[in-house]
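The values are calculated or read from the model by the stated rules, or taken from the named source; none is laboratory data. As the structure is a prediction and not an experimental result, all values here were calculated from the model. Quick reminder, even Gly has a Cβ in these numbers, built from the backbone with ideal geometry, and neighbours come from all protein chains shown.
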Amino acid sequence: MRILFIGDIFGRPGRTIVKDRLPGLVKKYAADLIIANGENSAAGFGITPALAEDLFELGIDVVTTGNHVWDKREIIEYFQSADGPHSPPRRVLRPANYPAGMPGWGLYEGSKHGIAYAVINLQGRVFMASNDDPFRTVDDLLKSIQAKVIFVDIHAEATSEKISLGWYLDGRVTAVVGTHTHVPTADERVLPGGTAYITDVGMSGPYDSVIGVQKELVVGKFLNNMPVRFEAATGDVRLCGVVVDCDGNTGRASKIERIMVT
């Protein structure tokens, strides 16, 4: 099985390049399963039901998110509208280690080409808002998952936390990929137990920016610490992602490849 994961889609520039380049990438890599992090797809902050539906229409199977998931409040009603285990709202995930009782789900289980798979969305705790322990949360989730192919998006700030989770899950999941910091790292590898890993996939959006935002606004914020409305940048748009090859019967990864296209 070949999995294509697309890094944080940032605003209209990110949505546009994904729309333009995704068909070619699917064809080039013969991707079986497509996952994308879409938490920044609405002008850089959050995701709306309409944008989630647009991503599904592009052929994306599952959309993960992170700390910006609640920025567009209409996503709550979207989660609540789910009418089946495979309906579109069930295929948009928020971190599984949020407190119990919150809207949405952090785990999706599906099947592609006769191969069962699971996608888990987690959020880190270091330098981020308070939430439950991602390590123990994923332990609990794995107890009930029957699929061998298990893909984990860890949306976290600290590289140490992401790397630790990779080692912690090595041999128990197919892939652990990091999102959130919007800067692609060059440490993609398959760990000894057969888990593909990368600390951060990188952003799909404008790189003539500060992690997607107009650079003048962010630099000004650092200089004067005054309130400012951040706006998405538009220049040097790139799509970042990874392709993971794995055995559908065992879930073990054999290869992870980092990609960046303009």
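Descriptive notes on the structure:
- Unmet requirement for S130, which otherwise passes all of (1) surrounded by fewer than 20 Cβ atoms within 10 Å (Cβ to Cβ); (2) modelled with pLDDT of 95 or more: (2)
- Options A43, A36, A50, A31: the member that is free of Cβ contacts under 8 Å to residues at least 12 places away in the same chain and of a type in the set (A, V, I, L, M): A50
- Residues satisfying the criterion are absent from the stretch 103-114 (criterion: of a type outside the set (F, W, Y), closer than 27 Å to A50 by Cβ and in a helix (DSSP H, G or I)).
- Search result, residues across the stretch 61-92 that are crowded, with 24+ Cβ neighbours inside 10 Å and touching a residue at least 40 places away in the same chain (Cβ under 8 Å): V62, T64, T65, G66, V92
- Considering residues of the stretch 142-165 that are charged (D, E, K, R) and over 12 Å from F127 (Cα atoms) only, the residue surrounded by the fewest Cβ atoms within 10 Å (Cβ to Cβ): K143
- For the stretch 207-262, a residue qualifies if it is in contact (Cβ under 8 Å) with a residue 12 or more places away in the chain, small (G, A, S) and surrounded by fewer than 15 Cβ atoms within 10 Å (Cβ to Cβ), and the qualifying residues are G235, S254.
- Put simply, of G202, G171 the only residue that is at positive phi and either buried (at least 24 other Cβ atoms within 10 Å of the Cβ) or among the aromatic types (F, W, Y) (or both) is G202.
- Filtering G124, G84 for residues that are closer than 28 Å to L51 by Cβ and in contact with an Asp or Glu (Cβ under 6 Å, 6 or more places away or on another chain) leaves a single hit, G124.
- Test: residue in the stretch 151-162 that is polar (S, T, N, Q), under 23 Å from A100 (Cβ atoms) and at pLDDT 95 or above: no
- Taking residues in the stretch 1-24 that are over 16 Å from G235 (Cα atoms), and partners anywhere that are assigned to a strand (DSSP E or B) and small (G, A, S), the pairs with Cβ atoms closer than 6 Å and at least 6 places apart or on different chains are F5/G241; I6/A36; I6/S204; I6/G241; G7/S204; G7/G241.
- Test: I60 is over 24 Å from D245 (Cα atoms) and of a type in the set (A, V, I, L, M): no
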